[in-house]
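Enquirer: Pasting a structure below so you can have a look.
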Amino acid sequence: MSPVLEGLDAQTALEVAESHGMEGIVVKRRDAPYRPCRSHAWVKTPL
């Protein structure tokens with residue numbers, strides 16, 4: 001499981017992901033409940 005990064009702006013989160021060899025970041029609306037399937041509340045941003 002990837003770490004949770006709270007309090008970072010998107011650019012900094014992408015830089016952290018890149019420095020750890022990750023392919024990008026996935027963000028979820030804070031007010032959306034967790035669901036095990038994809039939904040419009042989740043957005044994947046590749047590097």
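Enquirer: Of all residues in region 1-41, how many are surrounded by fewer than 11 Cβ atoms within 10 Å (Cβ to Cβ), of a type in the set (A, V, I, L, M, F, W, C) and more than 10 Å from the chain's Cα centre (by Cα)?
Expert: 2
Enquirer: In the chain, how many are charged (D, E, K, R) and in a loop (DSSP other than H, G, I, E, B)? Spell out how you get there, then give the answer.
Expert: Looking only at the chain, we keep the residues that are charged (D, E, K, R), and these are 6, 9, 15, 18, 23, 28-31, 35, 38, 44.
Next, only the ones that are in a loop (DSSP other than H, G, I, E, B) stay: 6, 9, 23, 29-31, 35, 38.
Going through the chain one residue at a time, the tally reaches 8.
Enquirer: Where the second residue is in a loop (DSSP other than H, G, I, E, B) and of a type in the set (S, T, N, Q) and the first is at pLDDT 90 or above and lies in region 28-47, which pairs have Cβ atoms under 6 Å and are six or more apart or on separate chains?
Expert: Pairs that qualify, where the first residue is at pLDDT 90 or above and the partner is in a loop (DSSP other than H, G, I, E, B) and of a type in the set (S, T, N, Q): there are none.
The values are calculated or read from the model by the stated rules, or taken from the named source; none is laboratory data. Treat the numbers as computed from the prediction; the structure is a model and nothing was measured. We place every Cβ from the backbone using ideal geometry, glycine too, and count neighbours over all the protein chains shown.
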